[in-house]
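The values are calculated or read from the model by the stated rules, or taken from the named source; none is laboratory data. Given the structure is predicted, the values throughout are model-derived calculations rather than measurements. Please note: Cβ atoms are built from the backbone with ideal geometry, for glycine as well, and neighbour counts cover all protein chains shown. Just the protein is used for accessible areas: all its heavy atoms, side chains included, with ligands, DNA and RNA removed. Shrake-Rupley method; radii C 1.70, N 1.55, O 1.52, S 1.80 Å.
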Amino acid sequence: MWGGRFSARPSDIMQAINASIGFDQKLAEEDITGSKAHATMLAKQGIITDADRDAILGGLDAILAEINAGQFPFSEELEDIHLNVEARLKDRIGEAGGRLHTGRSRNDQVATDFRLWTRKSLDLFDTLLTDLMAALLDQADEHAATIMPGFTHLQSAQPVTFGHHMLAYLEMFARDRGRMRDCRVRMNESPLGAAALAGTPYPIDRDMTAEALGFDRPMANSLDAVSARDFALEALAAASICATHLSRLAEEMVIWTSAQFRFIALTDAFTTGSSIMPQKRNPDAAELVRAKVGRIMGSLTALMIVMKGLPLAYSKDMQEDKEPVFEAFESLELALRAMAGMVRDMTPNEARLAEAAGAAFSTATDLADWLVMTLNMPFRDAHHVTGRIVAMAESQDLTLSELDLGDMQGVEAGITQDIFSVLTPLASATSRTSYGGTSPIRVREQVARWRAALSK
C-alpha cells in the first residue's frame, strides 16, 4: 500500500509484530459499514462519480458476503482488516476501488470502526443486564417474605428476606446498566473525516457520515478524533465494575450451595461433578463467573498502560487497544448470560434459610430497639442491657426467644411478656418498614416499581 516510498518488504519479525488481521477481522462488518457511508458521502459531494460509488457499494456487499460465508482470503501481508478489504475491493472492481480511501486515513477509519463495535457491544450489555435484572426480580417477587440471615463480616447479623437480598443485586446491575448507557452517550460521536490527524482538503460532509452511521455528531477536533480511546477505557471501566458485582453474587452462590450452608440448590444445568468423588455437585459456572473479573479488570489496566504515555495523535501502540476490549467484552457477555441462567435455575431452601435466620442471636438488635421504643431507654444503655441478655442466653445454650422472662427481668425489670413478639426472625424482618428496608411490604413495593420500570 506504500510501495512508492518503500522498495523492500518488511522482515518476517516486522511482519509478525505489525500485522493485526488475526484479531481485527472482528471489525469487518463495521469497517464495511463505515466505508459504505464514506463512499455515499463522497459521491454526494462530487468527489467521486455515482458510477464509482455504485461499484464500491456493490463490491463491499460482495466482500461482506464472502466474510460471512467464511470464504474471504485474509492476508497477513496486508496487515489489518482495512487494507484486506480495500485490496479485495480493488481486485473485484478495479480502479474505482482505489478511490474509496479519498478524504480519509486508516487512523480515522479504525477509530470509527472501533467506536461502532464498542457501541454495538454496549447495546448488547444493556439487553443482557435487563434480562439479569428481570431474573432477579422474579426471585424477589416469589420470595418477598422468605426469611434468611443477613450478614456483616460473613457473620449472622439480622434477619432479612431473600427477596430483599435479590433486589440488592438488581439495584447494583441497574447502576451498571446506567453506566453503560452513559458511556454510550459520550462515545457516540464520529471520528470519520478527521483523516490522519489534521482533517482533509476535500469538501467532505462529516455530518452526513455521522448521521448515516448513527452517531449524534462528528467529533469536533481531528487530533482528538484519531487519538482518543477513552471511550474504550470508560466501557472497560463500566465492564469491570459490573464484573465485580457478578463476582460478588457468584461468590454467594458458591457459599450458599455448600453443604455447610445449603441455602440454595442449582440443577445439573449449572453444576458439574467430580472425576473421583461421585457425591460432588460443584458450582463451576458460578466459580468461572467469579474468575472472569480478573480478565476484565486486567484488560482495563492493560489499555490504560498502553494509552498513558502517548503523545498526540496516532501511534502504532494503539493497535494494542482492541484485543483487551474484545477479550473483556467476550468474557462479560458470557458471565452475564451464565448469571442470568443461574439466578433463574436456583431454588432457595426456605426451611434451611429460616433456621439459619434465627441463629447467632440475630434478633438482638430487635430486643435493643424494643427497650428504646417501649421503655424510652437511651440506645447505648439498651445496647448494654441486650449484650448482657445475649451473654446469659449463650451461657444457657438458648436462643433469645427461648429465654425465661424472669431471667431477662433480672437484667432489666421493665421487660414484659411483649418482648417475645419481636424476638422471632420473621417479626424482626417484618418490622423493618423504613424505605428501602427488608420488610415484605417494602420488598413488594420495590418489586412493583421495578416491574413497571422493566416493562417500559
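Laid out as a table, the results:
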item: In the stretch 79-106, the residues that are under 30 Å from residue 331 (Cα atoms) and open to solvent by less than 30 Å² (accessible area, probe 1.4 Å); result: 79, 80, 81, 82, 83, 84, 85
item: Matching residues, the stretch 111-148, being of a type in the set (D, E, K, R) and either at positive phi or open to solvent by 10 Å² or more (accessible area, probe 1.4 Å) (or both); result: 119, 120, 123, 126, 131, 138, 141, 142
item: Number of positions in the stretch 48-66 that are open to solvent by 20 Å² or more (accessible area, probe 1.4 Å) and of a type in the set (A, V, I, L, M, F, W, C); result: 6
item: Qualifying residue in the stretch 295-302 (condition: over 23 Å from residue 245 (Cα atoms) and outside any loop (DSSP other than H, G, I, E, B)); result: no
item: In the stretch 335-348, residue surrounded by the most Cβ atoms within 10 Å (Cβ to Cβ) [restricted to those that are farther than 20 Å from residue 126 by Cα and touching a helix residue (DSSP H, G or I) at 6+ places or on another chain (Cβ under 6 Å)]; result: 348
item: Index of the failed condition, residue 332 passing every other in (1) buried (at least 20 other Cβ atoms within 10 Å of the Cβ); (2) over 30 Å from residue 285 (Cα atoms); result: (2)
item: Top-ranked residue of the stretch 190-205 - restricted to ones that are open to solvent by 50 Å² or more (accessible area, probe 1.4 Å) and touching a residue at least 12 places away in the same chain (Cβ under 8 Å), ranked as nearest to residue 45 (Cα to Cα); result: 203
item: Test: residue in the stretch 353-373 that is open to solvent by 50 Å² or more (accessible area, probe 1.4 Å) and at pLDDT 95 or above; result: no
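For every residue, the table says whether it meets (1) over 29 Å from residue 317 (Cβ atoms); (2) of a type in the set (Val, Ile, Thr); (3) buried (at least 16 other Cβ atoms within 10 Å of the Cβ).
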{"residue": "275", "(1), (2), (3)": "yes, no, no"}
{"residue": "282", "(1), (2), (3)": "yes, no, no"}
{"residue": "285", "(1), (2), (3)": "yes, no, yes"}
{"residue": "293", "(1), (2), (3)": "no, yes, yes"}
{"residue": "303", "(1), (2), (3)": "no, no, yes"}
